[in-house]
Structure formats: structure tokens, C-alpha cells
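Encoded as C-alpha cells, the structure appears first; notes follow it.
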Amino acid sequence: MTALPELVCGDLVRSTILPEAPGVRVHEVLARTMLQSVTSDRKHRHSFAASTIERSADVLQVKMNAAAVLRREVRRRSWRHETVALGVVDDPYQPVEEHYRLMPQVLSVLSEAETPIALYTSSPLVLRDLTLLRLVGRSVPVTVSIPLATLDPGLAARIDPAAATPAARLGMVESLAAAGLAPHIRIAPLPPLLADGSAQLDELLEALAQAGAARVSVSPMQLDNESGADFLEWLGDEHPALVRRYRSLYGRRGFVSADYALSLRNRMSPLVDRHGLGSGTGADDADREATATVPPAVRAETQVSELTLF
């Protein structure tokens with residue numbers, strides 16, 4: 001099994017298979033660049049993103065020289081020390097990170113360059129670097145965001161199969177909070193009618209508050225890609241009575257209707273306030289920005305990939 005040449009993001013060094021990623025071909029590559037400008041992409045909250053690992057189907061590309069290239073880029077005189085987001089597409093703490101250990105180098109480079117960090121991960125492997133993250137957090141702002149839409153382990157495995165169990169992610173929140181890193185929880189992808197009941201959301205927010213979460217945001221599930229099609233097929237098998245209601249909520253779009261978004265916001269607001277999860281020290285300014293009274297779902301022509309309501 002080999003990858004198509006156009007899938008390689010840099011110079012190929014070696015192709016291998018690792019026990020940490022069974023059934024996946026790993027391409028070790030030398031990246032030509034690390035920083036990617038995402039200013040014009042409204043689904044991103046930051047100006048720049050970087051990735052150490054990129055995945056396409058059953059192929060992983062590991063950027064062996066990630067830290068060296070990143071160091072060169074953030075040392076440029078034109079660099080303005082803007083927040084760099086890690087993990088906005090592919091989790092940097094995938095199992096192969098335990099083998100390659102790229103993230104400690106990348107975090108150190110950003111810290112030395114006085115560059116704020118926004119880290120997105122659902123893997124407990126991030127706790128391996130907890131001491132380093134706490135040290136880096138003394139020099140630059142560090143935000144760690146974890147997705148968790150439900151406490152139901154079965155449903156969680158269906159909507160986010162690559163993520164750790166809900167219990168493991170709550171443990172991540174506890175450890176990060178104990179280290180003073182004020183974790184942000186993304187209630188995402190939230191499946192309508194399955195995990196969005198007021199009692200369910202209240203239970204989830206209570207568990208997050210007790211674990212030490214600093215703040216939350218919520219993003220309803222998107223159905224505009226292959227995983228969305230798989231979810232709808234599963235929904236038809238397991239919850240056929242909900243299929244018609246999903247069609248009503250989503251229509252021909254891949255995102256929920258404005259009416260649903262407003263209803264969810266109205267139900268979430270008092271719960272967020274009750275559990276003190278509306279804001280938190282350590283959240284970066286871009287992540288804390290307020291949304292409009294009318295959520296982005298009404299702007300169908302320019303709909304963003306993630307509808308953040310808080």
C-alpha cells in the first residue's frame with residue numbers, strides 16, 4: 001500500500017508501518033514549510049496554524065523536521081508573534097507522536113519565539129508534556145481545547161471515533177486544570193436530538209465544571225462530508241425515527257438551521273452561567289470573542305464549518 005505522490009507534503013525520507021498505528025502507512029517527510037495562514041478561512045479562529053502530522057485516509061505524514069522549519073519561520077523579522085494553532089485539522093497527539101516526540105520540540109520553539117499557542121487535542125498523550133506545557137505557559141499564553149459532546153461512551157465513540165473515552169477526557173481536564181492551564185472544552189460535534197437535551201447538557205456541564213474546565217463552546221454536528229454520511233447511515237439503522245427530524249433540521253445543508261442554533265443557544269446560556277463556564281483565565285482572545293445575537297447559521301452563503309455559540 002503506497003500513497004499517491006501528490007499526497008506527500010514534503011520530501012519523502014522513509015515509508016514505514018509502526019506498532020503505534022497498525023494498518024496505517026507512515027510517510028516520514030521533510031516539510032518545506034510549517035506555518036499556514038488561515039486568516040481568510042472563517043472556520044479558523046487564528047491567523048496561523050501548524051501541523052506535525054497530517055492524515056489522509058490510511059496514510060500518515062510525519063514532518064520529521066517540524067521544529068527546525070518552524071524555528072526558521074518564527075525567527076523572521078516579519079514575524080508578529082501571533083497565536084499559532086496546533087491540531088485544528090489533525091490531532092498532533094495521535095499515537096505515532098509517542099514514537100516521534102515532535103511536540104515537545106515544537107512547543108519549545110514557539111515558547112522561545114514568544115508566540116502564543118492554541119492547542120487542540122482529544123488525546124491523553126498530551127499529559128506526557130504537562131510539565132513542559134506548564135513551563136511554556138509561564139512565558140506565553142497557552143490554550144488547550146478538548147472536544148467532548150457527551151458523557152455516553154457509546155455515542156462518543158460513534159461521533160468521534162479517534163478520540164479518547166469521555167472518562168479519559170474528563171481526566172485530561174482535571175490534570176490540565178491542576179497544572180493551571182484553564183482547559184477550554186468544545187462541546188463538539190454535538191448531535192442534535194441525541195445529546196442536546198437540557199438534562200444531558202446540564203449533566204455534562206456539571207461534570208466539566210467539577211473537573212476544572214474554565215470555559216465551554218458548543219458546535220452542532222456537521223453532515224457535509226464522508227463522516228456525516230456515515231453518521232446518517234448509522235442513524236437510519238439505530239434511530240430510524242429521527243431521520244425525518246434530521247432532514248428538517250439540516251435540509252440540504254451540511255449544518256443546522258438558524259432556528260435550531262438559536263434554540264440551542266437559549267437553552268445553553270443559563271446552564272453555562274449556572275456552572276460558571278462562560279469565561280476563563282487563560283483563554284486566548286480569539287477563542288473568547290463573542291458571537292452575534294443571530295448565529296452564523298442564518299448566513300447560508302458564507303456558513304463557517306464550525307458554528308460556535310459561546
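Each reported figure results from applying straightforward, stated rules to the coordinates on display, with no laboratory input. Please read these numbers as outputs of a predicted model, since none were measured by experiment. Positions of Cβ are backbone-derived with ideal geometry, glycine not excepted, and every protein chain shown enters the neighbour counts.
Values as computed for the structure displayed
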| quantity | calculated |
| --- | --- |
| Among Pro270, Val216, Ile185 the positive-end extreme of the charge dipole of region 141-302 (Cβ point charges) | Pro270 |
| Zone residues, region 187-201, relative to Asp152, backbone N less than 11 Å from point 7 Å out along Cα-to-Cβ | 191-197, 200 |
| Efficiency of FRET from Cβ geometry, Ala178 and Glu203, R₀ 22 Å, rounded to 0.05 | 0.45 |
| Computed lengthening from Asp11 to Leu232, 0.36 nm per intervening residue step minus Cα-Cα distance | 75.7 nm |
| Under 14 Å, Cβ to Cβ, from Gln200 - net charge with Lys/Arg +1 and Asp/Glu -1 | -4 |
